[in-house]
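One structure is given here, and the rest of the page talks about it.
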Amino acid sequence: MNQDEIAKQNGAAWGAHSYEAWIQAYGTPEEAAAILRGDPQRKLRRILPHLENPANLKIANPLGSHGRIATALAILGADVTVFDISASNQQYALELAASAGVQIHYELGDFIPLANKSQNEFDVVVMELGVVHYFSDLNNFIAALSTLLQANGYVVLNEFHPIVNKAIDMVDGDVVLVGNYFSDNIKQADTPYSVFIEGKSVPLCAIRLWTLGEIVTAFADGGFRIDKLIEEPMSKYQSIPGTFTLVASLEM
Ligand SMILES: C[S@@+](CC[C@H](N)C(=O)[O-])C[C@H]1O[C@@H](n2cnc3c(N)ncnc32)[C@H](O)[C@@H]1O
């Protein structure tokens, strides 16, 4: 499958029933907005330690989905643009932001071509939990991130740790090997929001899971300086990694 085919399949998967899923998961946009308004920092806890004052920032949020990150950042005063392929996500995100009394921008479509229309517009790119595996060519994806940024811009990426995404799982407290860490297959996978949907079938996603080395090397090859690479433990099993945060700045 090439990237166009992957994006088409993932657009259909994420467009099918995600609006209903977010209502099941987070409540109506009004209910979810009240929670974000009460404590926007909580939703941003993995990102904020690596950001300067959001009120002064123009932030891009590629693959920002239901808009909870974008809305929380907008509540703190940031000017935020989500880039996402799903109209169903867009509907939830715009209703969420409006209910929270803030404005966000939402660019609807395939990220890489969209990024080329917003060159050098942003101070920071912020991304969270389930982004890089939607791209079959990491170099093209990172070039698109670089396109969005101003000369001294930087990226904050909080992602699932590849060791748990690709190779191991925990079963009854024991580590079990479930996959090949070095596999380069494009695989069919359940679309994450399907766990919130009952009685309707949700199309599968197509994903390419990358190793940590591949991700960090692609940022370095794409002209970024790696400022931080922090591996964070799983919340349930503190002895193995669950997520990582990469902070990388464009080399001037
Ligand atoms: C798992 S979600 C990302 C999580 C999200 N950042 C959050 O904060 O919860 C993946 C998102 O990527 C979007 N997506 C997948 N492929 C895409 C593409 N090629 N261009 C733009 N958006 C894409 C989907 O619509 C979905 O909203």
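The values are calculated or read from the model by the stated rules, or taken from the named source; none is laboratory data. None of these values were measured; they are calculated from a predicted model. Don't worry about glycine lacking a Cβ; one is built from the backbone with ideal geometry, like all the others, and counts go over all protein chains shown. Keep in mind that these areas ignore ligands, DNA and RNA; they rest on the heavy atoms of the full protein, side chains included. Shrake-Rupley method; radii C 1.70, N 1.55, O 1.52, S 1.80 Å.
Points worth noting:
- Remark: spin-label model distance I23-N185 equals 3.7 nm, labels positioned 7 Å along the Cα→Cβ axis.
- Each Cα pair under 8 Å and six or more residues apart adds its separation to the average, and for the stretch 108-163 the resulting relative contact order is 51 percent.
- Protein accessible area in the stretch 77-123, 1.4 Å probe - carbon and sulfur %: 44
- Taking Cβ atoms as reference points and 13 Å as the exclusive limit, the residues near N89 contribute a net charge of -3, counting Lys and Arg as +1 and Asp and Glu as -1.
- Dipole in debye (nearest 20) - the stretch 8-108, about Cα centre, beta carbon charges: Lys, Arg +1; Asp, Glu -1: 300
- Radius of gyration over Kirkwood radius for the stretch 61-106, both on Cα atoms: the Rg/Rh ratio is 0.91.
- Each of T28, T211 has its accessible area taken with a 1.4 Å probe; listed largest first, they run T28, T211.
- Sorting M1, M170, M127 by solvent-accessible area of protein heavy atoms yields M1, M170, M127, largest first, with a 1.4 Å probe.
- Distance violations [Cα-Cα > 22 Å] among K166/K187; K8/K200; K58/K166: K58/K166
- Taking a point 7 Å out from the Cα of K58 in the direction of its Cβ, the residues of the stretch 73-89 whose backbone N falls within less than 13 Å of it are 79-81.
- Of all accessible heavy-atom area on the stretch 159-252, the percent that carbon and sulfur account for (1.4 Å): 53
- Report note on the peptides 215-224, 154-163: ranked by the mean count of other C-beta atoms within 10 Å, highest first, their order is 154-163, 215-224.
- C-alpha center-to-center spacing [the stretch 196-252, the stretch 164-186] in angstrom: 15
- Using C-alpha pairs below 8 Å separated by at least 6 residues, the relative contact order for the stretch 94-252 is 24 percent.
- Extension gain for the segment N140 to A12, taken as residue separation times 0.36 nm less the Cα-Cα distance, is 43.9 nm to one decimal.
- Cα gyration tensor, the stretch 192-245 - rounded (a/c under 1.5), prolate or oblate: oblate
- Shape call, the stretch 28-106: gyration tensor on alpha carbons, a/c limit 1.5: oblate
- Modelled FRET efficiency - R0 22 Å, S239 with Q41, Cβ distances, 0.05 increments: 0.20
- Over the residues of the chain, the helix contribution to mean residue ellipticity at 222 nm works out to -9500 deg cm²/dmol, using -39500 (n - 2.57) for each DSSP H run of at least 4.
- Annotation: per residue accessible area for the chain equals 45 Å², rounded to a whole number [probe 1.4 Å, protein chains only].
- Dimensions (Å) - the chain, Cα atoms, principal axes, largest first: 51, 46, 38
- Near I23: Cβ cut-off under 11 Å, other residues only, Lys/Arg at +1 and Asp/Glu at -1. The net charge is -4.
- The relative contact order of the stretch 203-247 comes to 27 percent, based on Cα pairs under 8 Å that sit 6 or more residues apart.
- Averaged over residues, the count of other Cβ atoms within 10 Å places the peptides 112-125, 37-50, 59-72 in the sequence 59-72, 112-125, 37-50, highest first.
- Positive minus negative residues near P203 (Lys, Arg vs Asp, Glu; Cβ under 14 Å): 0
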